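The values are calculated or read from the model by the stated rules, or taken from the named source; none is laboratory data. Note that the coordinates shown come from a computational prediction; the quantities given were computed from them, not determined experimentally. Every residue, glycine as well, gets a Cβ built from its backbone with ideal geometry; the counts of neighbours run over all protein chains shown. With ligands, DNA and RNA removed, areas are computed over all heavy atoms of the protein, side chains included. Shrake-Rupley method; radii C 1.70, N 1.55, O 1.52, S 1.80 Å.
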Amino acid sequence: MTRWKESLAPLRHRAFRYQFAGFSVSVTGNMLSLVALTVGLLEVTGSGAAAGLALGASTIPLVVFLLIGGVWADRLPRHLVMAGMDLVRGVVQLGLGAMILTGEVNLGLLIGLQVVFGTAQAFHLPAAGGLTAFTVPKEDLQRANALMSITRSLSGIAGPLIAGGLAATIGAGWALLLDGGTFLLSAFLASRIRVPAAPPRADGGLLKELSDGFRLVTRTPWIWTSVACFACTHVAIAVFLVTGPVLALQEQGGALGWALVVAALGVGDVLGDLVLLAGYRPRRPLLVARLAELLLVPALILIALGVPAPVQAVAIALAGAGMTAADSLWITTMQQHVPEDALSKVSSYDWLSSQALRPIGYALGAAAAADGATAAAVLAVMAAVVALPRLVSLAYPSVRELRAPQPEQAPAN
């Protein structure tokens, strides 16, 4: 029991309590809106094209502005950047909710609002990635990141269910209004965070800071190999999400078997978070992270081979646990070893790697989904796409030997 009480140790710190509360409400609202927006637009327009345009319109500026967002998040107080961007996102979601409730969807306005939303995301995500290093002491970083990760995992389950319930009863527009309210609450909570002022820094200009961030990433093997690994994983997961149902429908388990596999992935995510919350602290976190990420390889191969659905579910649950734990270990390592004035820039490259190549994976999966044999072959290739960059990463001593700092006791805020 004492060990699990210690998992909540980051919440002893006032600044992190505000950060965690804001993150919890906004991420749940965000997961809710993923369902509410598409359902609402389908109800009003009767076409999936509007939903596709909306999602695409938010993704493009997110990718385009992520690196610039990382620069500005390192220049300005990160919590205030987050508060401002949450305010913007809240207003956008309120506008979308009102549009759907009135039944009048203006396509130009819809696209414009989504462009604003994606741009705000591009500035918010790097700021959030760099903030935790200032709201908790280093010895609590891993648990703080695991707490936020498990909240994200659980919201991925609860958000869509809440959205579905609201859409089926009072309407998807109200779900979007609720999402807008969560962002406004998150903005208020972020504005309440107090962290030490950053030391004065020389103003080298936007292009110089972009160049400095690029050099830091590309000249540090444990950073650039990690970013490359994540990019390959997101391509493979995108292919899996498209080809998996095709293969499942050929087997006896069918749609129910596929649902079991997807649910198992969510269960694995939670298990990975619980392992780190329980106090497991590897001395060489990136070595453990790379090995844990390799659990995805047998899962993809087993799914490609069409083994029974329960076996696939166990394999994908282990893969989910490995990927989620590895993600928290990576974020913690980055916060411990990257210079404070470059945290958000490095975080922006991390986010870019996870966003930019996913469409390629979806397109590849769609092309391979024409028949089961092709889908299985491409999924097996994805196993190699996941494995090879990990082996390259592990070939670098700076990845294998990078050690976590020794814990230092610090008084609670």
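Checking each residue in the stretch 157-186 for being in contact (Cβ under 8 Å) with a residue 12 or more places away in the chain and open to solvent by 30 Å² or more (accessible area, probe 1.4 Å) picks out ILE157, ALA158, PRO160, ILE162, GLY164, LEU166, TRP174, LEU177, LEU178, GLY181, LEU184, LEU185. Within the stretch 234-256, being open to solvent by 60 Å² or more (accessible area, probe 1.4 Å) and in a helix (DSSP H, G or I) holds for LEU241, LEU249, GLN250, ALA255, LEU256. ALA342 falls short on exactly one of the conditions (1) under 29 Å from PHE134 (Cβ atoms); (2) modelled with pLDDT of 90 or more, and that condition is (2). Only residues that are in contact with an Asp or Glu (Cβ under 9 Å, 6 or more places away or on another chain) and more than 21 Å from SER153 (Cα to Cα) were counted in the stretch 308-333, giving 2. SER26 meets all of the listed conditions (1) open to solvent by less than 20 Å² (accessible area, probe 1.4 Å); (2) more than 19 Å from the chain's Cα centre (by Cα); (3) among the polar types (S, T, N, Q) but one, namely (2). Of the residues ALA259, ALA231, the single one that is modelled with pLDDT of 90 or more, hydrophobic (A, V, I, L, M, F, W, C) and either open to solvent by less than 20 Å² (accessible area, probe 1.4 Å) or assigned to a helix (DSSP H, G or I) (or both) is ALA231.
Is at least one residue of the stretch 33-53 modelled with pLDDT of 90 or more, assigned to a helix (DSSP H, G or I), on the phi < 0 side of the Ramachandran plot and of a type in the set (Asp, Glu)?
no
For the stretch 102-113, the set of residues classified as part of a helix (DSSP H, G or I) and either at pLDDT below 90 or surrounded by fewer than 16 Cβ atoms within 10 Å (Cβ to Cβ) (or both) consists of THR102, LEU107, GLY108, LEU109, LEU110, ILE111, GLY112, listed by residue number. Only one entry in LEU305, LEU291, LEU300 is farther than 30 Å from PRO196 by Cα, of a type outside the set (Val, Ile, Thr) and surrounded by 18 or more Cβ atoms within 10 Å (Cβ to Cβ), namely LEU300. Pick from ASP86, ASP74: which is modelled with pLDDT under 90 and in a helix (DSSP H, G or I)? After ruling out the rest, the residue left standing is ASP74.
Could we say that VAL116 is within 15 Å of the chain's Cα centre (by Cα), surrounded by fewer than 20 Cβ atoms within 10 Å (Cβ to Cβ) and at pLDDT 85 or above here? No; evaluated as a whole, the condition is false for this residue. In this structure, does PHE123 turn out to be buried (at least 21 other Cβ atoms within 10 Å of the Cβ), within 18 Å of LEU177 (Cα to Cα) and not β-branched (Val, Ile, Thr)? No: the conditions fail for PHE123.
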